[in-house]
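Comments concern the structure below.
The values are calculated or read from the model by the stated rules, or taken from the named source; none is laboratory data. As the structure is a computational prediction, the values presented were derived from the model and not from experiment. Glycine also receives a Cβ, built like all others from the backbone with ideal geometry; neighbour counts cover every protein chain displayed. The area values use the complete protein model at the heavy-atom level, side chains included, leaving out ligands, DNA and RNA. Shrake-Rupley method; radii C 1.70, N 1.55, O 1.52, S 1.80 Å.
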Amino acid sequence: MKFSHYLEKITGVGIYPMISLLLFVAFFTAVTIIVFKTSKETISEMESLPLDNN
Amino acid sequence: MQLQKFSYDNRIPKMFAIATMFWGAIGMLVGVLAAFQLAFPALNFGLPFTTFGRVRPVHTNAVIFAFVGNGIFTAVYYSLPRLLKTSMWSNKLSKIHFWGWQLIILVGAITLLMGYTSSKEYAELEWPLDIAIAIIWVIFGINMFGTILTRRERYLYVAIWFYIGSWVTVAMLHIVNSFELPVSFFKSYSWYAGVQDALVQWWYGHNAVAFFLTTPYLGLMYYFLPKAANRPIYSYRLSIVHFWSLIFLYIWAGPHHLLYTALPDWAQSLGTAFSIMLLLPSWGGMLNGLFTLRGAWDKVREEPVLKFFVVAVTCYGMSTFEGPMLSLKNVNAISHYSDWTIAHVHVGALGWNGFLTFGMLYWLIPKLFNTKLYSKKLASTHFWIGTLGIVLYAIPMYWAAFRSYFMMKAFTPAGQLQYQFIDVVQSIVPFYVLRAIGGTIYLTGVLVMVYNLVKTAKQGKFVATEEAEAPALEKNYKSPVGSFWHAVIERKPIMLLTLSLIVVGIGGLVEMVPTFLIKENVPTITSVKPYTPLELQGRDIYIREGCSNCHSQMIRPFRYEVARYGEYSKAGEFVYDHPFLWGSKRTGPDLAREGGKNADSWHFNHMLEPTSMSPGSIMPAYPWLFENDVDVATTNSKIYAMRKMGVPYPDGYESQANKDLHEQANKIATNLKKDKIQVDSKKEIIALIAYLQRLGKDIKTGETSSNNISANN
């Protein structure tokens, strides 16, 4: 079995990096919005988790 | 609500902590040996298993997978149960994980020294060990997820996200990069060839740095830094953004290891763009760590643990600033193949991984033995020794890199190269000595730590288990009205796992699929032919001796490289290279066009005594190649394996391959006889000469015309 060359041609390979950039921007924006919408109580509950034991 | 009783096990973290120190000292000692070998070639001792080409992979693998690996597991087995208020899911699996991992390290070190290597950096171990690693890694994952699913704490702290993200990505990277076809026990060929192999390898190699040396250690930072400072992390929100953007971006950055090579241009640009974007989350994480200590800097002055953490996080910031800079093409032109890369990784490894590990151990060992640190003063001494070691290691390497760059690219007014390669090597040797001294100083600090921690353990009493209690997790939990959906991810580990896998999977696919599927991206060259059986055997000797640790086979399209080494390398030249051997460091000259440059007798004498042909050379001698016979019994299965992977040997060629092999070997032996060298044509040196004389010749015949290169053939 050969692991390469199933297709012979590609037009506009530049679309691949563009897709990746757009994906990241969308993803990053979503994460940032979510993070800032999380309530203060939840955040402070989570951030003190390592300090619980002693 | 009713409280449930359970206990935290300290035995496994203790075992992993001891293994961390043990392998750390060994791995660094091997590194010091390798460093001195570059300055004093006599330290190669003329033995196969002590030459640099085999020692260097032992050093890198030991430091990454044995030292840092055991460091990760120490942190996970200590922090995971405590963050989730439960015991580890299975003590038996923990033990299998521990002993299995140590066994892999031991067998790995032995087989690497014996010359069993895939030649792919940080993935050198051969196929039986690749399978063993996969099994142990899955066992670790089962144990980790078992623990997470039986937890008594609803939220997963961000450190655990980093553990989960690292686990799933390392699993993916390891499996994809380890696709190889075994030809015998402990010998295999990479399934991919040439450009594709290089792309997969550096997608793996870069992310081994990302998901083995960085993300799990960020988990460690997010747990132990707040613990040691006794205050929460500066911004928990920032840590969430840090996590998601880091794992999203890291996976794309691999191609920056292949700038100016024969990799398609769009893939190189992709690597650069994502590497630069990486600067933001990395620095977000660094600032998050440092700001945690705001208003507590007085503590840093007194507490060695915090001192180590501060320098570790600072080094993280420095290397993650340097990394994106190195991925700019113009900077990479200077740094690639040079000692700059070595300096860069060591600021990361010695500063970030080393110091974070030391800080963790100084905090953890007294806790495990219910006592105080034996000597804070010694720990502070270690801190200063270690810092000095890093500085003395890094500065000579930066200096050497720039020095060699300016010498390499210098032309005389008449348009000739001003310096021979050997002139450059000679002027770099003093820096190799300084670097080796820096490494020795750093190792001394580690030994001081081991002494201090052994004393600490002796003055205390080991606490095998710690009792604890917590209420069980409510079943059918309903989130309060108005909470956001991200809170759901924080409660659902499997969803977190799947999401991380999707995030890193997209990155891997978009990066690799086009190069794999599209013929246009790797133009074929009609004159490029498969290796003859003798050359193939010679190539495997080249791999076995680790020649690619010092010699690249990839000429970049620069005037000073083309003038020095010959026509720059084309993607189509490597289509039969399973695995690719581009290398990543030029301690010796590039060999991509070595074929026909020197006489057979030159190579013969050079391999026996490098300085006889090239005075001032720091290359080791390879006397055993003149005593051992080529293992012709393997020719058959090697040819067969190559054809399986698409190398166009005619059907049934394997049965007559050895006839061709002997014919070619006799020709070389006759040729050597003309130069008054008597040698049995069965010896390994003959095969190696055959391979070296073949390198780059395929397109040499018509190298002036680019007509040979066509996209449609």
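Descriptive notes on the structure:
- Just one of (1) assigned to a helix (DSSP H, G or I); (2) away from chain A (no Cβ under 11 Å) fails for B:THR261. It is (1).
- One residue from B:PHE308, B:PHE321, B:PHE274 being outside any loop (DSSP other than H, G, I, E, B) and within 14 Å of chain A (Cβ to nearest Cβ): B:PHE274
- The residues on offer are B:PRO128, B:PRO81, and the sole one that is assigned to a helix (DSSP H, G or I) and more than 22 Å from B:LEU361 (Cα to Cα) is B:PRO128.
- For first residues located in region B:213-232 and within 11 Å of B:MET360 (Cβ to Cβ) and more than 8 Å from chain A (Cβ to nearest Cβ), partners that are open to solvent by 20 Å² or more (accessible area, probe 1.4 Å) and aromatic (Phe, Trp, Tyr) and lie 6+ apart or on another chain with Cβ distances below 6 Å form the pairs B:ALA228/B:TRP363.
- Test: B:VAL331 is assigned to a helix (DSSP H, G or I), open to solvent by 20 Å² or more (accessible area, probe 1.4 Å), touching a Phe, Trp or Tyr at 6+ places or on another chain (Cβ under 8 Å) and outside the structural domain of B:ASP590 (by TED's automatic domain parsing): no
- Residue under evaluation B:TYR374, criteria (1) over 24 Å from B:PHE211 (Cα atoms); (2) crowded, with 24+ Cβ neighbours inside 10 Å, criterion not met: (2)
- Condition check for B:ARG294 on (1) modelled with pLDDT of 85 or more; (2) of a type outside the set (Ser, Thr, Tyr); (3) in a helix (DSSP H, G or I): one failure, at (3).
- Residue within region B:384-392 that is open to solvent by less than 10 Å² (accessible area, probe 1.4 Å) and more than 25 Å from B:PRO13 (Cβ to Cβ) present: yes
- Residue list for region B:169-191, restricted to those being closer than 24 Å to B:VAL503 by Cβ and open to solvent by 10 Å² or more (accessible area, probe 1.4 Å): B:VAL170, B:ALA171, B:MET172, B:HIS174, B:ILE175, B:VAL176, B:SER178, B:PHE179
- Of all residues in region B:441-457 being open to solvent by 50 Å² or more (accessible area, probe 1.4 Å) and touching a residue at least 24 places away in the same chain (Cβ under 8 Å), the one that is nearest to B:PRO589 (Cα to Cα): B:THR444
- Answer residue from region B:291-301, given it is in contact (Cβ under 8 Å) with a residue 60 or more places away in the chain and open to solvent by 10 Å² or more (accessible area, probe 1.4 Å) and is farthest from B:LEU361 (Cα to Cα) among those: B:ARG294
- Taking residues in region A:20-48 that are at the interface with chain B (Cβ under 7 Å from one of its Cβ atoms), and partners anywhere that are open to solvent by 60 Å² or more (accessible area, probe 1.4 Å), the pairs with Cβ atoms closer than 7 Å and at least 6 places apart or on different chains are A:ILE34/B:PHE484; A:LYS37/B:PHE484; A:THR38/B:PHE484.
- All positions within region B:418-430 that are buried (at least 17 other Cβ atoms within 10 Å of the Cβ) and either in contact (Cβ under 8 Å) with a residue 40 or more places away in the chain or in a loop (DSSP other than H, G, I, E, B) (or both): B:TYR419, B:PHE421, B:VAL425, B:ILE428
- Boolean, B:ILE251 is β-branched (Val, Ile, Thr) and either surrounded by 24 or more Cβ atoms within 10 Å (Cβ to Cβ) or facing chain A (nearest Cβ under 10 Å) (or both): yes
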